[in-house]
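**Q** Just passing along the structure, written as C-alpha cells.
The values are calculated or read from the model by the stated rules, or taken from the named source; none is laboratory data. Here the structure is a predicted model, which means the values were calculated and not measured. Heads up, the Cβs are rebuilt from the backbone with ideal geometry, glycines too, and the neighbour counts pull from every protein chain shown.
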Amino acid sequence: GAVVSQHPSRVICKSGTSVKIECRSLDFQATTMFWYRQFPKKSLMLMATSNEGSKATYEQGVEKDKFLINHASLTLSTLTVTSAHPEDSSFYICSATVRGRANSPLHFGNGTRLTVT
Amino acid sequence: AQTVTQSQPEMSVQEAETVTLSCTYDTSESDYYLFWYKQPPSRQMILVIRQEAYKQQNATENRFSVNFQKAAKSFSLKISDSQLGDAAMYFCAFWGTSGSRLTFGEGTQLTVNP
C-alpha cells in the first residue's frame with residue numbers, strides 16, 4: 001500500500017516552454033505533498049510543501065512563479081516548470097504523507113528527469 | 001533548524017562483510033523520527049529503516065540495524081552480510097514533529113565489491 005505515482009518519468013522540452021509533472025497518491029489520501037529537486041550525486045533539496053486546497057509554501061530561494069504547484073485534491077499535486085531553461089534540467093521527486101497518520105513516513109514517487117534543450 | 005550530517009561521501013565493503021554508515025544530526029526537539037533511505041541508480045527512494053526518538057531500543061530490519069545514540073545525536077546504519085544489491089546512495093533523514101518536513105543528509109555512496 002501507500003503508492004505514489006509520478007508522471008512522466010522522463011521529459012525533454014525546449015527552452016521557453018512549460019512542463020507539468022503530476023504526483024498522485026494511488027491508494028491513500030495525502031495530507032501533504034512535498035516536491036524535491038535533486039542534482040546528480042547530491043541530496044534532495046526541498047522546493048515546496050503543498051496541502052490540499054491551500055497555497056504551497058516555498059523554500060527560500062525557490063521562485064514560486066517559475067515552479068507552480070497546484071494541490072487540487074487529496075490525491076493529486078502538480079508541479080509546473082514555467083518558461084523552462086537549461087538550468088532547470090534536474091531530477092524532480094514528489095512525496096506524500098498519509099492523511100490521518102501523523103507518524104507515517106514519506107512515500108516517494110519514482111521521480112521525473114527533466115531535460116531542457 | 002535541523003541539520004543532518006553524513007561525513008562519509010563514499011564507502012565500500014566486500015560482499016558478505018559488514019559496513020556502518022554514519023549520521024549525526026542537530027535539533028532542539030525532543031520528539032522526532034529518523035530514517036535511512038536507499039537510492040539505487042534507478043533514483044527510486046526506498047525506506048530502509050526508521051527509528052522513533054522516544055524508543056530506546058534500536059530498530060532492526062533483517063540485515064539492517066541502527067545504533068541510535070540520542071544524547072550524542074548519532075544515528076548510524078549497520079548493514080550485515082552485504083549484498084551486491086545493497087550498492088546505492090544512502091541518505092539519513094530527520095523528521096521533526098513540529099517542523100513537518102524531512103531533512104536529508106548529503107548522502108553516502110556505498111559500493112559493494114564482489
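**Q** Starting from residues that are in a strand (DSSP E or B) and facing chain A (nearest Cβ under 7 Å), keep the ones in the range B:91-105 and report whichever is farthest from A:Gln38 (Cα to Cα).
**A** Filtering first and then ranking leaves B:Leu102.
**Q** Can A:Gly53 be described as without any contact (Cβ under 8 Å) to a residue 12 or more places away in the chain and more than 13 Å from chain B (Cβ to nearest Cβ)?
**A** Here the answer is no, as A:Gly53 does not meet what is asked.
**Q** How about the range B:39-88: which of its residues are of a type in the set (S, T, N, Q) and assigned to a loop (DSSP other than H, G, I, E, B)?
**A** B:Ser42, B:Gln44, B:Gln56, B:Gln57, B:Asn58, B:Asn62, B:Ser80, B:Ser82, B:Gln83
**Q** Taking the criterion of being within 11 Å of chain A (Cβ to nearest Cβ), surrounded by 15 or more Cβ atoms within 10 Å (Cβ to Cβ) and within 13 Å of the chain's Cα centre (by Cα), would at least one residue in the range B:14-34 satisfy it?
**A** Yes, there is a match, as at least one residue in the range B:14-34 is within 11 Å of chain A (Cβ to nearest Cβ), surrounded by 15 or more Cβ atoms within 10 Å (Cβ to Cβ) and within 13 Å of the chain's Cα centre (by Cα).
**Q** Considering each of B:Lys73, B:Lys38 in turn, give the residue that is within 14 Å of another protein chain (Cβ to nearest Cβ), buried (at least 16 other Cβ atoms within 10 Å of the Cβ), among the basic types (Lys, Arg) and in contact with a strand residue (DSSP E or B) (Cβ under 8 Å, 6 or more places away or on another chain).
**A** B:Lys38
**Q** Return the residues of the range A:6-28 that are surrounded by fewer than 17 Cβ atoms within 10 Å (Cβ to Cβ) and over 14 Å from the mean Cα position of the chain (by Cα); say none if nothing qualifies.
**A** A:Ile12, A:Cys13, A:Lys14, A:Ser15, A:Gly16, A:Thr17, A:Ser18, A:Leu26, A:Asp27
**Q** Same structure again: Tell me, please, whether a residue that is crowded, with 17+ Cβ neighbours inside 10 Å, closer than 14 Å to A:Phe91 by Cβ and not charged (D, E, K, R) can be found in the range A:47-62.
**A** yes
**Q** Moving on. Give the residue that is surrounded by the most Cβ atoms within 10 Å (Cβ to Cβ), with candidates limited to residues of the range A:80-100 that are within 17 Å of A:Thr49 (Cα to Cα) and modelled with pLDDT under 95.
**A** So, considering only residues that are within 17 Å of A:Thr49 (Cα to Cα) and modelled with pLDDT under 95, the one surrounded by the most Cβ atoms within 10 Å (Cβ to Cβ) is A:Ala96.
**Q** Here is a follow-up. Having 2 or more residues that are hydrophobic (A, V, I, L, M, F, W, C) is the bar; report the strands (runs of 3 or more DSSP E) wholly within the range A:1-71 that clear it.
**A** A:10-13, A:19-25, A:30-38, A:44-51
**Q** Scan the range B:43-59 for residues that are facing chain A (nearest Cβ under 8 Å) and hydrophobic (A, V, I, L, M, F, W, C) and report the count.
**A** 2
**Q** Using the structure shown, decide if A:Leu74 is surrounded by fewer than 17 Cβ atoms within 10 Å (Cβ to Cβ), more than 25 Å from B:Thr5 (Cβ to Cβ) and hydrophobic (A, V, I, L, M, F, W, C).
**A** no
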